[in-house]
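Nothing in this text is a laboratory measurement; each read-out follows from the coordinates by a stated rule. Bear in mind that the values here come from a model prediction, so they are computed numbers and not experimental data. Note that each Cβ is placed from the backbone with ideal geometry, even for glycine, and that neighbours are counted across all protein chains shown.
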There are 2 protein chains.
Amino acid sequence: MNIVVIGSGNVASHLARALYMAKHRILQVCSRTIDNAQILANEVNADSIDEVQQINVQADLYILSIKDDALAEVVEQLPDVDGMVVHTAGSVSVNILSRFKNYGVFYPFQTFVKSAELQFDAIPILVEANTIANASLLMGLGNELSKRVLQASSDQRGALHISAVFACNFVNHMYRLGEDVLKESGLPFELLHPLIQETANKVLRMSPSVAQTGPAARNDQQIIQKHLNQLEGQKETQQIYRMLTDSILKYNK
Amino acid sequence: MNIVVIGSGNVASHLARALYMAKHRILQVCSRTIDNAQILANEVNADSIDEVQQINVQADLYILSIKDDALAEVVEQLPDVDGMVVHTAGSVSVNILSRFKNYGVFYPFQTFVKSAELQFDAIPILVEANTIANASLLMGLGNELSKRVLQASSDQRGALHISAVFACNFVNHMYRLGEDVLKESGLPFELLHPLIQETANKVLRMSPSVAQTGPAARNDQQIIQKHLNQLEGQKETQQIYRMLTDSILKYNK
């Protein structure tokens, strides 16, 4: 396929590279900052442009991989095209693209850091489109990149995004709060590394409901009270400790 | 060393096996439930007993690896011994053992499941003792089992335990809440597997403060509001979403 990539951030970069590796032709990379467009364009043998009005209207696929709140504006500026237009956002409905003839969503579900190497074939890709034929086309493209491609509605994609906020963003915040508690005691964060790995590995083998351990899971009130007392100097961390402990206790009733 | 293990739970089992593999002699395994004592005793070529009064008073080391709230009672029942008595608890002071001549703490810092294989040498071990000589002895023993052994006070161990509640128990609860959101939408938890792995792997390479992504880190109020609306039917999950989002926003200010 002949593809135009609009965006040059984390998702755009990983996706453009993966498609290029899968022998698709990236015609153009478009970014408001031409230098960013150029860097990615060089990697995937494409032209760089900095205005969506300059896109090649003959492409088969247009991938909009930009910030959620910039989508509506860019959609408006795009010329009319016959090729399929997709976005890559978790929490934006497919309908934002309804002015086009062929449109859909191509959502690779992972936390992306631009520079880090990723096994793209392990990343689930969620697909949605305005027609069955377009959905098949996106499924086919997804299967070239990943072993796990599925169709999902905009609502399902929204739910997946929320679950990701819990399983990734909030999890990372828990690491951070743990790091802070250690710092206060003069201990290095690295002490938590094996525990962090094992906690993640465990839920690849069993449901989190089975994997739960710790004072709240044991309803060990003595330790819970002790921990709350020790956190007296860090009020917000203490409040979070209390709320999540209560939540675990309720779940285990 | 000649060792008596009191307890037959997750930590006792892993520790007894690791010490046995390191060519120490496990004399006895003591558990209130003799069948449990027998199972572990068989594995490490030891005798099984079900009353602490029956322990061999000639051993070099007594490892108390039982529930935190049972410790005080068992300590009281133990005969006087010359060998060193240690417990393996994160949040219990070393002083609970002060009736003995030689005492300390030997705390392997990991989440244990009895049956799972663990790389014991990657697990940090925190050591504390009543004399410098006893601390050296425990450090030496720790170094036989693990590459990461350090001395830590009871306060530091308490802080480490709290940080573990965040980085393990609360993290697992985040996985669980994410699983629930997916279930509501008819999507399988397995979709989160690659994200969970990558989120954990990331903080082995960088600080969680650098690794943070997501709507709160970007201060994307539109998506935050959308997620809160979608969680309207799950009040408690919604409340946790709000609290942790606020906390990330504050940290990033």
Net charge of neighbours whose Cβ lies under 10 Å from the Cβ of B:PHE109, counting Lys and Arg as +1 and Asp and Glu as -1: +2
Efficiency of FRET between B:ASP80 and B:MET21 - r from beta-carbon atoms, R0 51 angstrom, step 0.05: 0.95
Over 25 Å (Cα to Cα) - which of A:LYS235/B:LYS250; A:LYS202/B:LYS67; A:LYS202/A:LYS226 fall in this group: A:LYS202/A:LYS226
Distances in nm from A:LYS67 to the matching label points in the other copies, shortest first (labels 7 Å along Cα to Cβ): 5.3
Angle in degrees between helix B:171-184 and the longest Cα principal axis of chain B, rounded to the nearest 10: 40
Long-range amide H partners of A:ASP47 with built H, under 5 Å: A:GLN28, A:VAL29
Pairs of alpha carbons in region B:190-238 whose separation is greater than 12 Å (percent): 72
Simple label model, 7 Å out from Cα along Cβ direction - A:ASN219 to A:GLN53, nm: 6.9
Using alpha carbons only: equivalent-ellipsoid semi-axes of region A:157-251, gyration tensor based, whole Å: 23, 17, 15
7 Å along Cα→Cβ, label-point gaps from B:MET21 to other copies, nm, shortest first: 3.4
Rh by Kirkwood over Cα pairs, then Stokes-Einstein D for region B:2-152 at 0.692 mPa s and 37 °C, µm²/s: 218
Rounded tilt (10° steps) of A:10-21 against the dominant C-alpha axis of chain A: 50
Per-copy distances of the A:GLU236 label point, shortest first, in nm (7 angstrom along Cα→Cβ): 2.5
B:GLN151 long-range amide H proximity, modeled H, under 5 Å: B:VAL127
Where rotation carries B onto A, the chain B residue whose Cβ is nearest that axis, in whole Å: B:ALA200, 2
Crossing angle, helix A:154-164 versus chain A [Cα axis fit, 0-90 degrees, rounded to tens]: 40
Estimated inter-spin distance, B:SER136 and B:LEU249, nm [label 7 Å along Cα→Cβ]: 5.7
